[in-house]
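Peer 1: One structure coming up, written as structure tokens, with questions to follow.
The values are calculated or read from the model by the stated rules, or taken from the named source; none is laboratory data. All values derive from a computational prediction rather than experimental measurement. Quick reminder, even Gly has a Cβ in these numbers, built from the backbone with ideal geometry, and neighbours come from all protein chains shown. Side chains included, ligands, DNA and RNA excluded: accessible areas come from the protein's heavy atoms. Shrake-Rupley method; radii C 1.70, N 1.55, O 1.52, S 1.80 Å.
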Amino acid sequence: MTETEPRQTSPWAANPMAQKLIEHFLGLKGRHIIAIAGAPGSGKSTLSEYLEAALNQRNPGSAGIVPMDGFHFDDAVLHARGIHARKGAPFTFDVGGMAALLRRLKENTEDDIAVPVFDRGLEISRAGGRLIAQDTPLLLVEGNYLLLDQHPWTALRPFFDLTVFLRVPVAELERRLVQRWIDHGLDPAAARKRAHDNDLENATLIEGNSAPADFTLTD
């Protein structure tokens, strides 16, 4: 299996709406910036990766991913501000920096544009971690707060040509988030506390305060 071949084991491979999105995106002409938003644990990354692979399999070089997580404030900044425990909350991202990048991607006047990528192993954002070529028409921008109807996140909305929102029941989000922290080495009690103290609070905010999307998927 090549890097651009979609994994048939992906949970999105059997999702009718995901297949509808692929067909719809393939019919678009010119550059389109597509926001893929949802709560932590909703499956944004796996959906974005699946769509990118499926689109590139059908039309090589047609899609690339731009992750919101690349705009995390560094841990040193979060510690200095006393908000490290809330890492991942809306106020722990460089929203202005992301807006500036989206503007460049929208204008599309450069041969390549470097985008930052968050390294989960190192817990740090790597500037220039990925290049988006000028001839890549479909940009899948994925992140929790892309549709959040609050300042300063609303400044991102004009850059999106299409929007997608993932909706997952809270109980399932809790299960996934607790398991995520267990996978990161926490014991079950600590994982549950970490999920409830930050992730699920952010999820509630996203679910209740995101603008309507052009497409809504359930997982």
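Peer 1: State whether the residues of the range 60-80 include one that is at positive phi, modelled with pLDDT of 95 or more and not aromatic (Phe, Trp, Tyr).
Peer 2: Taking every residue of the range 60-80 in turn, at least one turns out to be at positive phi, modelled with pLDDT of 95 or more and not aromatic (Phe, Trp, Tyr).
Peer 1: Of the numbered conditions (1) more than 15 Å from the chain's Cα centre (by Cα); (2) buried (at least 16 other Cβ atoms within 10 Å of the Cβ); (3) more than 24 Å from residue 193 (Cβ to Cβ), residue 86 satisfies every one except a single condition; which is it?
Peer 2: (3)
Peer 1: Considering the range 175-201 alone, what residues qualify as being part of a helix (DSSP H, G or I) and either hydrophobic (A, V, I, L, M, F, W, C) or farther than 22 Å from residue 143 by Cα (or both)?
Peer 2: Correct list: 177, 178, 181, 182, 188, 189, 190, 191, 192, 193, 195, 200.
Peer 1: Specify the residue that is nearest to residue 196 (Cα to Cα); the eligible residues are those in the range 89-108 that are open to solvent by 50 Å² or more (accessible area, probe 1.4 Å) and of a type outside the set (A, V, I, L, M, F, W, C).
Peer 2: That would be 94.
Peer 1: Same structure again: Kindly evaluate residue 209 against the criterion of being surrounded by 14 or more Cβ atoms within 10 Å (Cβ to Cβ), in contact with a strand residue (DSSP E or B) (Cβ under 7 Å, 6 or more places away or on another chain) and not hydrophobic (A, V, I, L, M, F, W, C).
Peer 2: Answer is yes for this residue.
Peer 1: Looking at (1) closer than 21 Å to residue 210 by Cα; (2) open to solvent by 50 Å² or more (accessible area, probe 1.4 Å), which one does residue 140 not meet, given that it meets all the others?
Peer 2: (2)
Peer 1: Given the structure, is residue 204 open to solvent by less than 20 Å² (accessible area, probe 1.4 Å) and of a type in the set (Ser, Thr, Tyr)?
Peer 2: No.
Peer 1: Report, by residue number, each residue of the range 42-72 that is of a type outside the set (A, V, I, L, M, F, W, C), open to solvent by 10 Å² or more (accessible area, probe 1.4 Å) and within 30 Å of residue 192 (Cβ to Cβ).
Peer 2: Selection gives 43, 44, 45, 46, 49, 50, 67, 69, 72.
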